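Below you'll find the structure, written out as C-alpha cells, and then a few comments.
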Amino acid sequence: QVQLVESGGGLVQPGGSLRLSCAASGTIFSIYHMAWYRQAPGKQRELVASIYNTGSTNFADSVAGRFTISRDNAKKTVYLQMNGLKSEDTAVYYCKLFGGARDYWGQGTQVTISS
C-alpha cells in the first residue's frame with residue numbers, strides 16, 4: 001500500500017521561506033515521478049512543480065525562480081523549498097506520486113502566508 005505523508009507546512013510572513021517534505025512508503029520510490037500541487041480556498045487544485053525519475057524538473061510560472069523541488073531516493077522523500085513567499089501562495093499543498101498504474105496523493109499540509 002503506497003502512502004505519502006506531507007509535512008513542513010505552517011504560518012509564515014510574506015517574504016519568508018518554508019520547506020515541505022513528502023515521505024513515501026510502500027513503493028519503489030526511485031522509478032516514479034513526483035509532484036507538488038496546491039489548492040487555495042475556492043480554487044481548483046493546481047500543479048506547482050514536478051520532478052521526474054530522471055531528476056528533471058518543471059515549475060508553474062507563478063513559482064518559477066522562488067520554489068525548488070528535489071528528491072532523495074534513498075529517503076524516499078521529495079522536497080519543496082519555497083522562498084519569497086507571497087500571500088497568494090496560501091493553500092493546502094499536496095504531493096503526488098505518478099507514472100505507474102495509478103496516481104497516489106498525500107493528505108496535504110496547510111501553508112499560510114500572513115503578516
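What ranking of GLU88, GLU46 comes out by heavy-atom accessible area, probe 1.4 Å, highest first?
The ordering from most to least exposed comes out as GLU88, GLU46.
Each label point is 7 Å from the Cα along the Cα-to-Cβ direction; what then is the distance between the points at SER56 and ASN73, in nm?
Inter-label distance under the simple model: 1.6 nm.
Which residues does a label at GLN81 reach in segment 1-36, if reach means a backbone N under 13 Å from a point 7 Å past the Cα toward the Cβ?
What the label zone holds, given the 13 Å backbone N cut-off, is 17-20.
Quick one: compute the contact order of the chain, relative version, from alpha carbon pairs under 8 angstrom and 6+ residues apart, as a percent.
Computed value for the chain: 37 percent relative contact order.
Ignoring ligands, DNA and RNA, what percent of the accessible area of segment 3-94 is carbon or sulfur (1.4 Å)?
49
May I ask for the net charge around MET34, where only other residues with Cβ less than 9 Å from the Cβ of MET34 are counted and Lys, Arg are +1 while Asp, Glu are -1? Walk me through the numbers on the way to the answer.
Working: positive: ARG71, LYS96; negative: none.
Computed value for this residue: +2.
Subtract the Cα-Cα distance of ARG102 and GLN3 from 0.36 nm times their separation in residues, and report this length gain in nm to one decimal. Don't jump to the answer; show the numbers that get you there.
Details: separation 99, 0.36 × 99 = 35.64 nm, distance 1.29 nm.
Taking 0.36 nm per residue and subtracting the Cα distance, the gain is 34.4 nm.
Given a 1.4 angstrom probe, what's the average accessible area per residue across the chain, in square angstrom? Working shown, then result.
Working: 5930 Å² over 115 residues.
Accessible surface, normalised per residue, equals 52 Å².
About its Cα centre, what dipole magnitude does the chain give when the only charges are +1 on Lys and Arg Cβ and -1 on Asp and Glu Cβ, stated in debye to the nearest 20?
I would put it at about 140 debye.
Quick one: of the DSSP bridges fully inside the chain, what percent are antiparallel, nearest 5?
Taking every DSSP beta bridge within the chain, about 90 percent pair in antiparallel fashion.
The values are calculated or read from the model by the stated rules, or taken from the named source; none is laboratory data. Predicted model, so just to flag it, every value in this text is computed and none were measured. Positions of Cβ are generated from backbone atoms using ideal geometry, with glycine treated the same way; all protein chains shown enter the neighbour counts. For accessibility, only protein heavy atoms count, side chains too; no ligands or nucleic acids. Shrake-Rupley method; radii C 1.70, N 1.55, O 1.52, S 1.80 Å.
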